[in-house]
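Here's the structure, in C-alpha cells; my notes come after.
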Amino acid sequence: MIRRRLGDLDCVIAGGADGQGGGDGPTVILMHGFGAGGDDLVDLANYVEVPPGTRWVFPAGPLELGGLYGDSRAWWMIDLARLEPELAAGRAIDRADEVPDGLPAARAAVLGLLDALARDYGRTDALTVLGGFSQGAMLTVDVALHAPGKLAGLALMSGTLLAESVWQPRAAALAGVTIFQSHGTKDGLLAYRGAERLRDFLLAAGAEVGFMPFPGGHELPPPVLEGLAELLARTLAA
C-alpha cells in the first residue's frame, strides 16, 4: 500500500501485482463521503474479494473541512445550516434539483485521476470500476456521465439523485453500463425515495442496475460489501 498524488488528488493505492498497484490488472476506484477521512474506505481492500491483480485506488476529496470535523474531507461543500435542522426534524431532503457549486471542480479532479491512472498504470476503461459512498456515489454518477469512455461498472452506495438538469441530457452515456446500487430503507440522511429516483434514472438511461435495499441507515453493512464483490467479479473477471 502506498500514498501518491495522482493529478490533483492525494490517493492511497493498494493491491495489484505487488501490493502497490503494479501490474496490468483491473482497477477499482472508491470515493468516500462528505466529512470522512481521505482513507475512510481503504480497509475495504482487505475485506472485499476481487479478481487477481486488482488495483485499488482511494482518492481523498480535495476540500479539507477541519474544525469540528477534524481530519476530514469533502468533494464539495454542502449547506450545513440547511441540513442540520432538517436532520433534527427527521426530514431527509430531495437533492434532485441541486447542482452544487463545487461539482464541476470535483468532476474535473476525478477525470484527471482517471487520466493519470491510464498514463502511469495503464488503466483502461474496460477494466475499471468507479464507485463511492454517499457524496462519493453522487460524484461517481456525474463523472461517468462526463467521462470520454464507458467504464466497466459503477458502485453507488447510499447515494441519491442529484443535479438532474445536468445529468438528464447526458443519460445515454450510461446505456449498457453495469451498476450496483445499495441504500438503507431507514436512511435518515439521504432518503430512500431519492435512491429509488436515482435507480429509475439509471434504468431509463439503459444501465443494467442491480438494486439492493437493506433494512438500515446510512451505512455499509456486510450484504452491501458482498454485492460490491459480485459487481467486481462480474465486470472485472476478464
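The values are calculated or read from the model by the stated rules, or taken from the named source; none is laboratory data. Predicted model only: the values in this text are computed from it and were never measured. As a convention, Cβ positions derive from the backbone with ideal geometry for all residues, glycine included, and neighbour counts pool all protein chains shown. Ligands, DNA and RNA are stripped out before the accessible areas are found, and what is left, the full protein with its side chains, is counted by its heavy atoms. Shrake-Rupley method; radii C 1.70, N 1.55, O 1.52, S 1.80 Å.
The table that follows gives values for the structure above.
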{"quantity": "Among the candidates Ala191, Ala152, residue that is more than 17 Å from Phe34 (Cα to Cα) and of a type outside the set (Asp, Glu)", "calculated": "Ala152"}
{"quantity": "Whichever residue in segment 15-30 is in contact with a Lys or Arg (Cβ under 8 Å, 6 or more places away or on another chain) and part of a strand (DSSP E or B) and, among such residues, is nearest to Gln181 (Cα to Cα)", "calculated": "Val28"}
{"quantity": "Flag if Asp18 is closer than 18 Å to Gln135 by Cβ, at pLDDT below 95 and open to solvent by 10 Å² or more (accessible area, probe 1.4 Å)", "calculated": "no"}
{"quantity": "Flag for Leu162 being out of contact with any strand residue (DSSP E or B) (no Cβ under 9 Å at 6 or more places or on another chain) and either over 29 Å from Asn46 (Cβ atoms) or not hydroxyl-bearing (Ser, Thr, Tyr) (or both)", "calculated": "yes"}
{"quantity": "Selection from segment 172-181 of residues that are crowded, with 17+ Cβ neighbours inside 10 Å and outside any strand (DSSP E or B)", "calculated": "Ala173, Leu174, Val177"}
{"quantity": "Qualifying residue in segment 31-38 (condition: hydrophobic (A, V, I, L, M, F, W, C), modelled with pLDDT of 90 or more and outside any strand (DSSP E or B))", "calculated": "yes"}
{"quantity": "Looking only at segment 23-50, and only at residues there that are in contact (Cβ under 8 Å) with a residue 40 or more places away in the chain and surrounded by fewer than 17 Cβ atoms within 10 Å (Cβ to Cβ), the one that is nearest to Thr235 (Cα to Cα)", "calculated": "Glu49"}
{"quantity": "Extreme residue, farthest from the chain's Cα centre (by Cα), among residues of segment 1-33 that are farther than 22 Å from Val143 by Cβ and among the aliphatic types (A, V, I, L, M)", "calculated": "Ala17"}
{"quantity": "Among residues of segment 129-154, those that are out of contact with any helix residue (DSSP H, G or I) (no Cβ under 8 Å at 6 or more places or on another chain) and either surrounded by fewer than 23 Cβ atoms within 10 Å (Cβ to Cβ) or in a strand (DSSP E or B) (or both), counted", "calculated": "2"}
{"quantity": "Residues satisfying the stated conditions in segment 182-200, i.e. surrounded by 20 or more Cβ atoms within 10 Å (Cβ to Cβ) and in contact (Cβ under 8 Å) with a residue 40 or more places away in the chain", "calculated": "Ser182, Asp187, Leu190, Gly194, Leu198"}
{"quantity": "So Gly159, is it open to solvent by 10 Å² or more (accessible area, probe 1.4 Å), in contact (Cβ under 8 Å) with a residue 24 or more places away in the chain and under 21 Å from His218 (Cβ atoms)", "calculated": "no"}
{"quantity": "Filter pass, Leu117 being under 25 Å from Val48 (Cα atoms), in contact (Cβ under 8 Å) with a residue 40 or more places away in the chain and either open to solvent by less than 10 Å² (accessible area, probe 1.4 Å) or not in a helix (DSSP H, G or I) (or both)", "calculated": "yes"}
{"quantity": "Hits in segment 201-217 (condition: farther than 21 Å from Phe34 by Cα and either assigned to a helix (DSSP H, G or I) or open to solvent by less than 60 Å² (accessible area, probe 1.4 Å) (or both))", "calculated": "Phe201, Leu202, Leu203, Ala204, Ala205, Gly206, Ala207, Val209, Gly210, Phe211, Met212, Phe214"}
